[in-house]
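Working notes, structure below.
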Amino acid sequence: MPTFSKEFPIDADASIAWEILSDFQSFDRILPIKIQGGTDSNEPGSVRIFEMNSSIVVERLETSNDELREQIVLALTHFLPIEDLITSIRITETNDGTTLNFKQSYTSCSLPLETAEEILTGICQTVSGALAGAARRAKEGIETETKESLPLKINELAPDFCLPDQHGKKHSLLDHRGKWLLLACYFADETFA
């Protein structure tokens, strides 16, 4: 059974990061995924179902330990050709800061070992960066609201919204009305529009 261990320092308060991570059913606070269903619980045995990369992912919470700040999650289905992917995520705090520790194992995978490790490392890196961002937003009191919206029709005006740029300056869509505008957002890199 292949096993990988990875550590990523995160710029976040460990207790806030754990508060977010331990809310098993609110994974969409961390990643831009679409929750499809699951059980309404954060207890071991709870299931969450979400859409990622146009695939449905089903995960079950095996254990959650507040004292250790650790969760163990079993992926029942995944967008990768991996069977029985088990991920242990632990948040540790030292004098040097907060670290997110991942330990992953699986029974079989149709990908070469190095390819599987590269992909899983990338996923862990993405979750680490996104969790750090979610913890910073929570610390600053910035609420993230996820709600279903209907797609715009061709030539329909977008509703007004306001977003900060990389320097913290806020830009409103109204400021650009009548002009061509490209919004580029990349959640894993935590860039702003």
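Go ahead and collect, in residue order, the members of segment 116-135 whose backbone nitrogen is under 15 Å from a label point 7 Å along the Cα-Cβ direction of residue 55. Output list for this probe position: 116-124. Counting every alpha-carbon pair across the chain, the share separated by more than 28 Å comes to 33%. Between the amide H of residue 171 and those of 163, 165, distances stay under 5 Å, these residues lying 5 or more places away or on another chain, with hydrogens modeled in the peptide plane.
Full extension of the segment from residue 99 to residue 115, taken as 0.36 nm per residue of separation minus the current Cα-Cα distance, would add 3.3 nm. Mean residue ellipticity at 222 nm, helices only, the chain: -6000 deg cm²/dmol; runs of at least 4 DSSP H residues each add -39,500 (n - 2.57), and the sum is divided by the number of residues. Taking 26 Å as the straight-line reach from the Cα of residue 139, the lysines in range (excluding those fewer than 8 positions away in the same chain) are 6, 34, 147, 169, 170.
Protein heavy-atom accessible surface, 1.4 Å probe, per residue over the chain: 64 Å². Shape index of segment 1-65: Rg/Rh, with Rg the Cα radius of gyration and Rh the Kirkwood radius from the inverse mean 1/r over Cα pairs, equals 0.99. A cut-off of 5 Å between modelled amide H atoms, ignoring neighbours fewer than 5 places along the same chain, links residue 38 with 49. Sequentially through segment 63-78, phi angles give Karplus couplings (6.51, -1.76, 1.60; θ = phi - 60°) of 8, 9, 10, 5, 5, 8, 6, 9, 10, 10, 10, 9, 7, 7, 9, 8 Hz, Gly and Pro residues having no value and appearing as x. Using a Gaussian network for the chain with springs between C-alpha atoms less than 10 Å apart, which of these wobbles most: 14, 116, 158? Evaluated over the chain, the most mobile residue of the options is 158. When Rg and the Kirkwood radius Rh are both evaluated on Cα atoms of segment 1-115, their ratio Rg/Rh stands at 0.96. Expressed as a whole percent, the accessible surface of the chain that belongs to carbon and sulfur atoms is 52, based on a 1.4 Å probe.
Take the Cα of residue 28, step 7 Å toward its Cβ, do the same at residue 182, and the gap between the two points is 2.9 nm. Amide H to amide H, with H built 1.01 Å from N, residue 76 comes under 5 Å of 58, 59, 60, counting only residues 5 or more places away or on other chains.
The values are calculated or read from the model by the stated rules, or taken from the named source; none is laboratory data. No experiment lies behind these values; they were computed from the predicted model shown. When we count neighbours, we look across all protein chains shown, and the Cβ atoms used for this are built from the backbone with ideal geometry, even at glycine. All accessible areas refer to the heavy atoms of the entire protein, side chains included, with ligands and DNA or RNA removed. Shrake-Rupley method; radii C 1.70, N 1.55, O 1.52, S 1.80 Å.
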